Amino acid sequence: MKTIIYTHPWAKSFNHGILETLTTNFAAHKEAYQVIDLYQDKFNPVFDNDELAQFNKGTTPYPLVKDYQAMLKQTDELIIIFPIWWSTVPAILKGFIDKVMLPGFAYNIDDTGWHGLLTNIKKTTVITTSESPWSKFTDSIQGQFIDSLLPELGLHAEQTTWRHFDGVETSTPEARAEFLKELADL
C-alpha cells in the first residue's frame, strides 16, 4: 500500500497539483493508496499536557494519531509532499513526526542504541517545492530530514528519493507540467 503524507493548506497550490497527479496516476494503474492530508484532517501538531505525559509510554489519547499509525503499518511505500518553508519542513509535518512517531511504534531505544521500527516501508519519496533552488536545502532536507530523521524511524536513505521543484512562484506553466509528467513516471 502506498501512503501519501500531504502537507499544504491551499487546494490550488502546486503541491496540490502534485498530489492530484500522483493519486490520478495510482488510480489509473489500480495501485492501492491512501492519503494522510494533515490540513484537511485538522491535525493539531501541538502537544498538550495529556499527550506529552503519555509520550514516553508510547501511547496517545489522540484518536487521529492511532489512525495514522494504523495507516503507516499498512504502508510499503511512503510519499511525503510538502513546501519548504523557512528552509525546513512545515510545522504541521514536524508536529506529525513528534506526535505519531512514538516509542514502541516508530522506534525503540535499548542498550545497543536506537532502532527504527517502520521497516515495512521499503521505499520513500520526498517531494518538495520552494522558490529557492534545492541546493539551498541540502543540509536541512537531505542532511537532517532524509539522512538523519527518516533512518531513525527505519526508513533508510538509500531507499529514499528526493524530488524538488524550485521557482514554484516564478516558473512557467510548461516547467510545472514537465515536473508533473516526470512524477507520473515514478
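Every number here is computed from the coordinates shown, using simple stated rules; none is lab data. Please read all numbers here as calculations on a predicted model, not as lab measurements. All Cβ positions, glycine included, derive from the backbone under ideal geometry; neighbour counts span all protein chains shown.
On the beta carbon distance between Phe47 and Ser140, with R0 = 25 Å, the FRET formula returns roughly 0.65.
Given charges of +1 on the Cβ of Lys and Arg and -1 on the Cβ of Asp and Glu, with all other atoms neutral, how large is the dipole of the chain about its Cα centre, in debye to the nearest 20? Before the final figure, lay out each step's value.
Numbers: 15 positive and 24 negative charges, 69 e Å.
Its charge dipole is roughly 340 debye.
Between rounded, prolate and oblate, where does the stretch 1-106 land on the alpha carbon gyration tensor, with a ≥ b ≥ c its root eigenvalues, rounded for a/c under 1.5, else prolate if a/b exceeds b/c? Before the final figure, lay out each step's value.
Details: a/c = 2.45, a/b = 1.46, b/c = 1.68.
Oblate shape, in that a/c is at least 1.5 and b/c is the bigger or equal ratio.
In this simple spin-label approximation, Gln34 and Asp185 carry label points 7 Å from Cα along the Cα→Cβ vector, and these lie 3.1 nm apart. Dipole size of the stretch 79-186 about its Cα centre, with +1 on Lys/Arg Cβ and -1 on Asp/Glu Cβ: approximately 240 debye, rounded to the nearest 20. Cut-off under 16 Å on the C-alpha distance; same-chain residues fewer than 8 positions from Lys30 excluded. Which lysines are left, in chain and number order? Partners found: Lys2.
Against the set [x] 16.3, 49; [y] 15.4, 51; [z] 16.5, 54, the structure's computed Rg and Dmax of the Cα atoms in Å falls on [z].
Taking the chain as a Gaussian network, where each spring joins two C-alpha atoms under 10 Å apart, which residue of Asn49, Asn15, Asn120 fluctuates the most? Between Asn49, Asn15, Asn120, it is Asn49 that shows the largest mean-square fluctuation.
Report, in listed order, any pair from Lys66/Lys136; Lys73/Lys136; Lys42/Lys136; Lys12/Lys136; Lys12/Lys42 with a Cα-Cα distance greater than 27 Å.
Details: Lys66/Lys136 35 Å; Lys73/Lys136 33 Å; Lys42/Lys136 30 Å; Lys12/Lys136 25 Å; Lys12/Lys42 18 Å.
In this structure, Lys66/Lys136; Lys73/Lys136; Lys42/Lys136 exceed 27 Å between Cα atoms.
Among bridges DSSP assigns within the chain, what percent are antiparallel (round to 5)? In the chain, approximately 15 percent of DSSP beta bridges are antiparallel ones.
For the stretch 1-102, which chymotrypsin sites (Phe, Trp or Tyr not before Pro) are in a loop by DSSP, counting at most 14 other Cβ atoms within 10 Å? Passing both the DSSP loop test and the Cβ count: Trp10, Tyr39, Trp86. In the chain, the calculated helix contribution to ellipticity at 222 nm averages -9000 deg cm²/dmol per residue, counting -39,500 (n - 2.57) for every DSSP H run with n ≥ 4. For the stretch 85-186, GluC sites (Glu not before Pro) meeting the loop criterion (DSSP other than H, G, I, E, B) and having at most 11 other Cβ atoms within 10 Å: Glu169.
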